[in-house]
Structure formats: structure tokens, C-alpha cells
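These notes are about the structure you will find just below.
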Amino acid sequence: MNISIFGLGYVGCVGAACLAKLGHHVIGVDVNENKVRLINEGKPTIIEEGIAELCQEAHDHGMMRATTDAAEAVANSDVSFIVVGTPSSREGHLNLDYIFAVARRIGQALRKKNDFHIVAIRSTVLPGTNDKVGQILEQESGKQRNVDFAVVSNPEFLREGTSVKDYFNPPLTLVGTDNPRAEAAFREIYQGINAEFISTDIKVAEMMKYVNNTFHALKIVFGNEVGNICKGLNIDSHKVMEIFCKDRQLNISPYYFKPGFAYGGSCLPKDMKALKTLAHDLYVDVPVIDSIHASNERQKDQAVEAILAKGKRKVGILGLSFKAGTDDLRCSPIVDVVERLLGKGCEIRIYDKNVVVSELTGTNKDFIMAKIPHLQHFVTSDLDEVCKNSDLLVVTNKEKEFEPLLERYPGKVVIDLVRQWKEVDYDGYYEGLSWGDINQNQASQGRTIERDFAKTDF
């Protein structure tokens, strides 16, 4: 099938490459000429495991190209995916300007097209957006919904860092539609995906991503709060949660139930906030959801307090993106921690193999430059340089390259935010953010930390 994808960010780039792998001819569309150039050179617009190979393969076989011309893309495709950003306002409402702008461009292109066309909203949007997009398409094209075109909602269930794997192995394929012809087309598009295909009401499909992501956010916070309680009682919180997660009868996923650092990224904060705002707009009281953000912010506070309490000026940050395997800095919780440490006078060095400051673009670049304008002075590609010249190391992402650090750099103070090691025998001070002491080297663990930096009162 011939498919156009409007928006070549994380979801769009992965979707384009994976659909090409499934045998579809894909045209990517973006206003950013650099992204278009990268796709036309067989290169991805993002950093993800496996995406570079898929993009190169699609390019070599003539299955994927990109353009800035919306009319050309619509004219040469049967289905158009809308995969642009939906940033949230300060109050938590979604900015749907990009969605509606793309809808207008597609509608204008449909004026000159006689064939039936399907528009699929892949971006995460609140219920009612599909109807609005349909109205815009009718206004711009002069054509009728479900006669000349259809609009479906097809939310994605991808995790950054494993999005390619998740695309081919999703928990389910969900399509919200009121058009049998569109449903049949999407069954054909995803016939190579090994997952249950669910066709449902449009507003149900629009709602699902918010319910899922809000629950994921809740799971992370819940695990952290259990960990904090266990730490106060000198109980191994990971053993507690490991046993807790053995109960699968109530459909509980163990993925997020890991005591550790705060959640971040471009999805959980935005979608959780949007669902909370929606409830408030409807005058529905949601005390648990209301408390998630505050608890997550408290987890950041605990990280800052744990670091500053050690009295070490030279601090090395191992991982800046919001999770391992991605260069996405948007709402990365460690960015807030670094910003506060710099304000307290700490000397910061940062290592993240996936973050290249000179290659940051778009909202990713805008976010980090607003938080840490001179980021290039703190980030280095030399892990050894960071570790050697820091007295305190903060492990923020679980990466294989960090596993031998305790052996290579004895005598440091290590603050672990992600449980990089299950057990340690470290000749230095080790502390987990939300779990008790796991350092088997009690002599080293009990050694008094020599301060070179005044402790800050909170």
C-alpha cells in the first residue's frame, strides 16, 4: 500500500521505516528540510536501536522517501498518517495547532484527488480531536467524510529506546473508526504484525493512550514510594517489588514497578497532565492522579538532597537523556537535577553516548537550552574523563558500559538512581535512591565521607 506520514520525529521516523519493512511504499512529509534530507539519504532523524539499518534498507530498495510537498504526498498515497507533536500548555491542555495545520494541508490536497483517502491520527490526542480533524478536512476539501475520505484514530504503543521492537511486537493494534472500508485497509496495513487487531469506537481509541500512560506514570511513582518506605525500614525494596510483581492474575505489568528515579520523557508528563486537566474541566475529583506529579517532583528533590548531602563539589552525571538508548532530553528528570546542582555551585561533568549537543534539533534542543543554555561546556564523550575527575558519580541510565565502573574507579561516592547493580562489593560509598544498602563491603560503606563542599540546608 502507498502511505504518507506527516511528521518525521520519533514516532513518524520509526513508523515510516517499519511500514517500509512491512512492504509498503512510504512518503515522509515534514516542514523541516534537514529531516527530509536525512530520510532521502537513507538516514534516520532520531537515535534508536535498529532504526538506522531499517532506514538504509528502505532507501536502498526504493521503499521510502521524503518531501516537504504535502499535495504530492497525498496524491501518491492511499493513507496519510498524522504524526506531529502535541505539546501541552502550562495548564495541561494540548496544543493541537500542528495537528490542525496538517489536516488543513491534507484537506487542500484532497480537493484535487478523486480516489478515496484515509487519514489516520497517530499522535496522542484527547477525545473529540478526530471529529475536529474530520470537520477541517471537509471544509478544506469540499468533500464528505465517509464518502470521499475517512478519519481513523490509530494510537501507538511505543517506548523510546525500544520503539522498533515495540512496533513489530505491540501489545495490540488499536484502530478507532466508523468506516468499514478504513478498517479493512488497516487490517491490510498491519497484517504482518503479530498482535491482536482491535477495531473500536473513535473516542475509545483516542482515550486509551492517556489511560495507559497515566497508569504507567502511576506505576513508576508507586514503586518509588514503596522503595522510600522500605529504605527507611532497611528492607530491600527490590525484593519486595519482585514478589509483588509475581501476581499476574490482575494483569499487572512488572515493567514500571522498579523503585528508582523519577519518570520523564515527552509522553508520561504531558499525557498524565492532560488527563488530569480533562478531569478538572469536567469537575471530576481525581486525588490519586493529582498527586502523581508532586510525588515525581519529590523524587527529584530526593536525588538532589542525596547528592548535596555528601558534600562533594565535583559531580559526574552518567546519562542525561530521560532513559537509556535514546537522545531525547525532553522532560528528562536528571536535567532538573543538574540545573539545581549548578545553582548550588557544583562542578558538573556529564557523559551520555547518545547525546551529541551539536546534533540536537527541534523541541529536544529547545528544551535543554532553556534549562542548561551552556550544555556544551558540561557534556563530554569521554566516560573515563568524567569518572576520573569526579568525586561523586550519579548513575541515571542503566547502560551496559557502566557495569564495570565500580571496579575501575574505587573510592568514589556513587549515587545510583536506576539500580544499575543488584549487589555490589565496592571499595567506596554506594547509595541507592530508593533502596537500602546493598554494598557488601561494609568497611568501605562505613567509612566517613570527607567533605570538600559545604552541606546545603533544605
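Quick notes
- Residue that is least open to solvent (accessible area, probe 1.4 Å) [pool: residues in segment 19-53 that are over 28 Å from Ala324 (Cβ atoms) and assigned to a loop (DSSP other than H, G, I, E, B)]: His24
- Scope segment 196-214; condition of a type outside the set (S, T, N, Q) and surrounded by 18 or more Cβ atoms within 10 Å (Cβ to Cβ); matching residues: Ile202, Ala205, Glu206, Met207, Met208, Lys209, Tyr210
- Residue in segment 311-321 that is assigned to a helix (DSSP H, G or I) and either β-branched (Val, Ile, Thr) or buried (at least 20 other Cβ atoms within 10 Å of the Cβ) (or both) present: no
- Output for segment 9-18, where each listed residue is closer than 14 Å to Phe168 by Cα and open to solvent by 10 Å² or more (accessible area, probe 1.4 Å): Val11
Yes/no per residue for (1) more than 20 Å from Gln420 (Cβ to Cβ); (2) in contact with a Leu (Cβ under 6 Å, 6 or more places away or on another chain); (3) modelled with pLDDT under 90:
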{"site": "Lys312", "(1), (2), (3)": "no, yes, no"}
{"site": "Gly319", "(1), (2), (3)": "no, no, no"}
{"site": "Ala324", "(1), (2), (3)": "no, no, yes"}
{"site": "Arg330", "(1), (2), (3)": "yes, no, yes"}
{"site": "Val337", "(1), (2), (3)": "no, no, no"}
{"site": "Leu342", "(1), (2), (3)": "yes, no, no"}
{"site": "Tyr351", "(1), (2), (3)": "no, yes, no"}
{"site": "Gly362", "(1), (2), (3)": "yes, no, yes"}
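- Residue count, segment 138-177 (criterion: surrounded by 15 or more Cβ atoms within 10 Å (Cβ to Cβ), more than 30 Å from the chain's Cα centre (by Cα) and at negative phi): 7
- Pick from segment 357-383, criterion of a type in the set (Val, Ile, Thr) and open to solvent by 60 Å² or more (accessible area, probe 1.4 Å), ranking: nearest to Asn32 (Cα to Cα): Thr361
- Residue match in segment 425-448 (condition: open to solvent by less than 40 Å² (accessible area, probe 1.4 Å), on the phi < 0 side of the Ramachandran plot and within 23 Å of the chain's Cα centre (by Cα)): yes
- Top-ranked residue in segment 62-81 [being under 16 Å from Gly23 (Cα atoms) and either free of Cβ contacts under 8 Å to residues at least 40 places away in the same chain or of a type in the set (Phe, Trp, Tyr) (or both); ranked as surrounded by the most Cβ atoms within 10 Å (Cβ to Cβ)]: Arg65
- Failed criterion for Arg90 (all others in (1) assigned to a helix (DSSP H, G or I); (2) without any contact (Cβ under 8 Å) to a residue 12 or more places away in the chain hold): (1)
- Number of the condition not met by His93 [criteria: (1) more than 22 Å from the chain's Cα centre (by Cα); (2) surrounded by fewer than 23 Cβ atoms within 10 Å (Cβ to Cβ)]: (1)
The values are calculated or read from the model by the stated rules, or taken from the named source; none is laboratory data. Just so it is clear, the structure is predicted and the values come from calculations on it, not from any experiment. Note: ideal-geometry Cβ built from the backbone for every residue, glycine included; neighbour counts use all protein chains shown. Accessible surface areas use protein heavy atoms only, side chains included; no ligands, DNA or RNA. Shrake-Rupley method; radii C 1.70, N 1.55, O 1.52, S 1.80 Å.
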